[in-house]
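Report on the structure given below.
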Amino acid sequence: MLYALLGDLHSNIEDTKAVLAHIQQTANEAKVIGLGDLYECTVSKKKAQTMSGLPLQKAAIVDNDFENLLTFPSIRGNQEERITRVTGIRRFTELPETMEIDGATLMHGHQFKWSVTWQPKFPPFKKPLLFFGHSHESGLYRGNKKLPIRIHFGQPIALQEKQYGINVGSVVDHREWCLYDSEKRTVTFMVAPSNDKVSVPL
């Protein structure tokens with residue numbers, strides 16, 4: 001089965017539109033799944049520790065045009081959890097923390113321990129593959145080490161019968177996503193063309 005995995009949208013309408021259009025153009029038969037941080041929380045991590053009861057519009061960037069793009073299932077990320085913490089609104093708790101698909105586990109990645117250079121230490125996982133985001137940096141990992149390979153966007157990578165971590169990159173700023181073929185056991189890092197950007201009049 002084909003899966004189009006995207007994460008770290010951070011309420012960005014134009015980048016999200018570009019990625020969804022790219023998925024439609026290049027893999028319209030793929031099942032689209034979000035990896036969390038769909039929304040941007042406007043309250044800092046530090047301030048969130050002492051704030052509560054905020055209206056949603058003061059805690060996050062929530063736009064009807066953006067929400068209309070979210071027609072796919074998703075897990076939750078740290079942004080959704082922080083919005084929940086400062087608002088008390090439960091809507092984001094309905095998003096699961098993890099999801100299982102063919103041969104893979106999906107997690108946002110904020111659950112990992114990260115080094116100062118943004119290298120993850122993965123928790124134990126049973127499935128062969130672990131797809132995640134959070135750091136906004138696409139990459140392929142074995143164990144806790146990023147493999148020293150150059151990513152060629154649009155070129156499938158055949159995986160061996162081993163466990164891998166796959167960072168799908170970020171929609172916001174980079175317009176990246178990942179195409180996963182569970183039958184062929186390939187991952188293809190993808191990037192939507194930047195010239196898809198729609199100019200917004202000021």
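Here is how the numbers come out for the structure above:
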| quantity | calculated |
| --- | --- |
| Of residues in region 142-184 being assigned to a loop (DSSP other than H, G, I, E, B) and either in contact with a helix residue (DSSP H, G or I) (Cβ under 7 Å, 6 or more places away or on another chain) or acidic (Asp, Glu) (or both), the one surrounded by the fewest Cβ atoms within 10 Å (Cβ to Cβ) | Glu161 |
| Selection count where residues are in a loop (DSSP other than H, G, I, E, B), among the hydroxyl-bearing types (Ser, Thr, Tyr) and under 13 Å from Ile166 (Cβ atoms), scope region 116-141 | 2 |
| Cross-chain or 6+ apart pairs with Cβ under 6 Å, region 43-61 first and under 19 Å from Asp8 (Cα atoms) and among the small types (Gly, Ala, Ser), then at pLDDT 95 or above and part of a helix (DSSP H, G or I) | Ala59/Ile83; Ala59/Val86; Ala59/Thr87; Ala60/Ile83 |
| Residue list for region 66-102, filter: out of contact with any strand residue (DSSP E or B) (no Cβ under 9 Å at 6 or more places or on another chain), among the β-branched types (Val, Ile, Thr) and open to solvent by less than 40 Å² (accessible area, probe 1.4 Å) | Thr84 |
| Search result, residues across region 31-47 that are in a helix (DSSP H, G or I) and under 30 Å from Glu100 (Cα atoms) | Lys45 |
| Check on Lys17, in contact (Cβ under 8 Å) with a residue 40 or more places away in the chain and of a type in the set (Lys, Arg) | yes |
| The listed residue being within 27 Å of Thr188 (Cα to Cα) and either modelled with pLDDT of 95 or more or open to solvent by 60 Å² or more (accessible area, probe 1.4 Å) (or both), out of Thr50, Thr26, Thr42 | Thr26 |
| Answer residue from region 120-136, given it is out of contact with any strand residue (DSSP E or B) (no Cβ under 6 Å at 6 or more places or on another chain) and modelled with pLDDT of 95 or more and is farthest from Ser194 (Cα to Cα) among those | Pro128 |
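The values are calculated or read from the model by the stated rules, or taken from the named source; none is laboratory data. This is a predicted model, so every value here is computed, not measured. Note that we place each Cβ from the backbone using ideal geometry, even for glycine, and neighbour counts take in every protein chain shown. We work out accessible area using only protein heavy atoms, side chains counted, and drop any ligands, DNA or RNA first. Shrake-Rupley method; radii C 1.70, N 1.55, O 1.52, S 1.80 Å.
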